[in-house]
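> My structure is below; once you've seen it, I'll send some questions.
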Amino acid sequence: MNTYTPIQSGKVKVNDINIYYEIYGSGEPLLLIEGLGYSSWMWFKQIPEFSKEYTVVVFDNRGVGNTDKPNIEYTIEMMADDSVGLLKALGLESAHILGVSMGGFIAQEIAIKHPNTVKSLILVSTSSKGSSNPFWNLFLELFGMENPILEFNNKADSILPLINSFNLLPLPPEKRIRNKLSFAFTPQYF
């Protein structure tokens with residue numbers, strides 16, 4: 001069997017939206033939660049390997065891909081409730097939860113708010129959210145945004161204004177490129 005062919009896919013009503021999902025493989029459930037703005041197709045390299053041992057569930061977060069995109073503010077808590085609602089709608093009481101980037105924020109919220117849903121928690125390229133975390137400042141700088149946007153979003157505990165503000169206060173292209181390359185090259189290189 002080709003492990004990259006979903007054994008089940010479609011949309012299911014969860015909370016106030018229809019969530020698109022795909023299921024691969026067999027074994028204990030593994031829910032993969034993608035980061036900001038990415039849809040389930042981003043898991044194409046991981047699905048074949050993970051599905052050898054797990055029932056892999058991938059989905060499009062609220063506002064992304066084939067899932068509904070209501071014009072409201074989205075919160076991490078709301079997206080965690082969506083994820084847990086998806087599991088329940090699929091008849092899964094618990095799963096291993098893997099979140100990457102913003103998906104890691106969502107995964108952490110699931111662990112806090114719905115601990116019985118989490119068999120294990122796998123966090124990839126993420127951190128805890130909040131202005132006290134230097135990751136947020138780096139994230140904003142990499143994408144060319146200024147700190148006032150961060151403060152606004154922490155007060156609102158919402159990611160929608162953050163998503164909508166990507167181009168409000170852009171850095172000059174040279175600085176944006178230098179910031180992104182700083183992960184790969186030393187200061188001496190520059």
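> Only residues that are of a type outside the set (Ser, Thr, Tyr) and closer than 17 Å to Trp41 by Cβ: list them for region 59-77, please.
Start the filter on region 59-77 by keeping residues that are of a type outside the set (Ser, Thr, Tyr), which leaves 59-66, 68-73, 76-77.
Phe59, Asp60, Asn61, Arg62, Gly63, Val64, Gly65, Asn66, Lys69 - these are the residues of region 59-77 that are of a type outside the set (Ser, Thr, Tyr) and closer than 17 Å to Trp41 by Cβ.
> Condition first: more than 16 Å from the chain's Cα centre (by Cα) and either under 12 Å from Gln8 (Cα atoms) or among the charged types (D, E, K, R) (or both). Now tell me which residues in region 23-37 satisfy that. Give the derivation first.
As a first pass, look at region 23-37 and keep what is more than 16 Å from the chain's Cα centre (by Cα): 23-29.
Across region 23-37, the qualifying residues are Ile23, Tyr24, Gly25, Ser26, Glu28.
> Search region 102-129 for residues that are within 16 Å of Leu30 (Cβ to Cβ) and open to solvent by 60 Å² or more (accessible area, probe 1.4 Å) and pair each with any residue that is part of a loop (DSSP other than H, G, I, E, B) and not basic (Lys, Arg) when their beta-carbon atoms are under 8 Å apart and the residues are at least 6 apart or on different chains.
Correct list of pairs: Lys119/Ser94.
> Does Ala95 satisfy being out of contact with any Gly (no Cβ under 9 Å at 6 or more places or on another chain), under 16 Å from Leu30 (Cβ atoms) and modelled with pLDDT of 95 or more? Steps first, answer last, please.
Numbers: out of contact with any Gly (no Cβ under 9 Å at 6 or more places or on another chain): yes; under 16 Å from Leu30 (Cβ atoms): yes; modelled with pLDDT of 95 or more: yes.
Criteria met by Ala95.
> Six or more apart or on different chains, Cβ under 7 Å: which pairs go from a residue in region 46-57 that's at negative phi to one that's outside any loop (DSSP other than H, G, I, E, B) and surrounded by fewer than 15 Cβ atoms within 10 Å (Cβ to Cβ)? Could you list them?
Taking only residues 6 or more apart or on different chains, the pairs are Tyr54/Glu28; Thr55/Glu28.
> Let me ask you something else. For Met79, are the conditions met, namely being within 16 Å of Val14 (Cβ to Cβ) and touching a residue at least 12 places away in the same chain (Cβ under 8 Å)? Spell out how you get there, then give the answer.
Numbers: within 16 Å of Val14 (Cβ to Cβ): yes; touching a residue at least 12 places away in the same chain (Cβ under 8 Å): yes.
Yes: the conditions hold for Met79.
The values are calculated or read from the model by the stated rules, or taken from the named source; none is laboratory data. Being a predicted model, the structure only gives us computed values, none of them experimental. Don't worry about glycine lacking a Cβ; one is built from the backbone with ideal geometry, like all the others, and counts go over all protein chains shown. Accessible surface is based on the protein model in full, side chains and every heavy atom, while ligands, DNA and RNA are left aside. Shrake-Rupley method; radii C 1.70, N 1.55, O 1.52, S 1.80 Å.
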